[in-house]
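What follows is a set of notes on a single structure, which appears directly below.
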Amino acid sequence: MLKGLILVISGPAGSGKNTVAERLIAHSNGKIRRAITTTSRPPRGSEKEGVDYYFLSAQDFEKAIENGDFYEYAKVHDRYYGTSRREILGLLESGKDIVLIIDVQGAQTWREIASREPLIGERLHSVFIRPPSIDELRRRLANRGTESEVDIERRMKTAQEELRRDAEFEFVIDSGSRDDDFKKLSDIYSKLKSEE
């Protein structure tokens, strides 16, 4: 029997979704696991295979698509990203709650999956992290030091499109301090668990 809930956490690049989600996971005593995304992009910095992402070549990713290995996948900024069936089902079978840290396009896909597959639909909830302002978002992206100005501009354009879609989410967190964002996400998670 599969147990657990699936919590989609989304928001523009630089919104803090990774930071707040990882903190929720770290404070869960092993009850929540992040579904590890598969990507065709190269690792950044100290990212590790099977910890941060599963890294595939574009060719191997396309082969996995043909084999039906993904619940969802998307091409974002010329790179593939996807969530494998094996990853999700394995976590649910082990009784873990799952956090999916994905973009708005991926969140839409999960809502579509939920409408077709009761196994997912009865477990799926979504949270959008809305940054304080576009200027703050640009500052955060620039401070990462991992992306060119061209990449930042592309992400800013995508962010403006994503911000218009926040009403598609079950919960919206207006980002403030990291501590405030964590408390808001923890409260949402506690509420969902109390309703199980």
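The values are calculated or read from the model by the stated rules, or taken from the named source; none is laboratory data. If you're wondering where the values come from, they're calculated on a predicted model, not measured in any experiment. Using ideal geometry, Cβ is built from the backbone for each residue, glycine included, and neighbour counts are taken over all protein chains shown.
Select, from SER40, SER15, the only residue that is touching a residue at least 12 places away in the same chain (Cβ under 8 Å) and farther than 19 Å from VAL127 by Cβ.
After applying the criteria, what remains is SER40.
Report yes if ARG155 is part of a helix (DSSP H, G or I), of a type in the set (Lys, Arg), touching a residue at least 24 places away in the same chain (Cβ under 8 Å) and under 22 Å from LEU7 (Cβ atoms), otherwise no. Before the answer, list the steps.
On the way: part of a helix (DSSP H, G or I): yes; of a type in the set (Lys, Arg): yes; touching a residue at least 24 places away in the same chain (Cβ under 8 Å): yes; under 22 Å from LEU7 (Cβ atoms): no.
No; evaluated as a whole, the condition is false for this residue.
Only one residue in GLY14, GLY4 is of a type outside the set (Val, Ile, Thr), touching a Leu at 6+ places or on another chain (Cβ under 7 Å), buried (at least 16 other Cβ atoms within 10 Å of the Cβ) and within 23 Å of ASP174 (Cβ to Cβ), so which one is that? Outline the logic, then answer.
Details: GLY4 fails: within 23 Å of ASP174 (Cβ to Cβ).
Exactly one of GLY14, GLY4 is of a type outside the set (Val, Ile, Thr), touching a Leu at 6+ places or on another chain (Cβ under 7 Å), buried (at least 16 other Cβ atoms within 10 Å of the Cβ) and within 23 Å of ASP174 (Cβ to Cβ), namely GLY14.
Within segment 64-123, considering only strands (runs of 3 or more DSSP E) that don't extend past its boundaries, which have at least 3 residues that are free of Cβ contacts under 8 Å to residues at least 40 places away in the same chain and touching a strand residue (DSSP E or B) at 6+ places or on another chain (Cβ under 9 Å)?
By residue number, 70-76.
Give the number of residues within segment 183-196 that are in contact (Cβ under 8 Å) with a residue 24 or more places away in the chain and part of a helix (DSSP H, G or I).
6
Are any residues in segment 4-35 touching a strand residue (DSSP E or B) at 6+ places or on another chain (Cβ under 7 Å) and on the phi > 0 side of the Ramachandran plot, and if so, which ones?
GLY4, GLY11, GLY16
Do we have ILE129 as in contact with a Phe, Trp or Tyr (Cβ under 9 Å, 6 or more places away or on another chain) and either surrounded by 16 or more Cβ atoms within 10 Å (Cβ to Cβ) or over 25 Å from ILE25 (Cα atoms) (or both) here?
no
If I ask for residues that are closer than 17 Å to GLY106 by Cβ, modelled with pLDDT of 95 or more and part of a loop (DSSP other than H, G, I, E, B), which ones from segment 12-40 would you list?
The one that is closer than 17 Å to GLY106 by Cβ, modelled with pLDDT of 95 or more and part of a loop (DSSP other than H, G, I, E, B): SER40.
What tally of residues in segment 161-182 results from selecting those that are loosely packed, with under 14 Cβ neighbours inside 10 Å, in a helix (DSSP H, G or I) and without any contact (Cβ under 8 Å) to a residue 60 or more places away in the chain?
4
Would you pick out the residues in segment 141-160 that are surrounded by 17 or more Cβ atoms within 10 Å (Cβ to Cβ) and basic (Lys, Arg)?
If the condition is that a residue be surrounded by 17 or more Cβ atoms within 10 Å (Cβ to Cβ) and basic (Lys, Arg), then ARG155 is the only one that fits.
Quick one: which residue in SER148, SER190, SER133, SER177 is hydroxyl-bearing (Ser, Thr, Tyr) and under 13 Å from LYS17 (Cα atoms)?
Answer to the selection: SER177.
Mind listing whichever residues of segment 20-45 are of a type in the set (Gly, Ala, Ser) and either surrounded by 12 or more Cβ atoms within 10 Å (Cβ to Cβ) or more than 29 Å from TYR189 (Cα to Cα) (or both)?
ALA21, SER28, ALA35, SER40, GLY45
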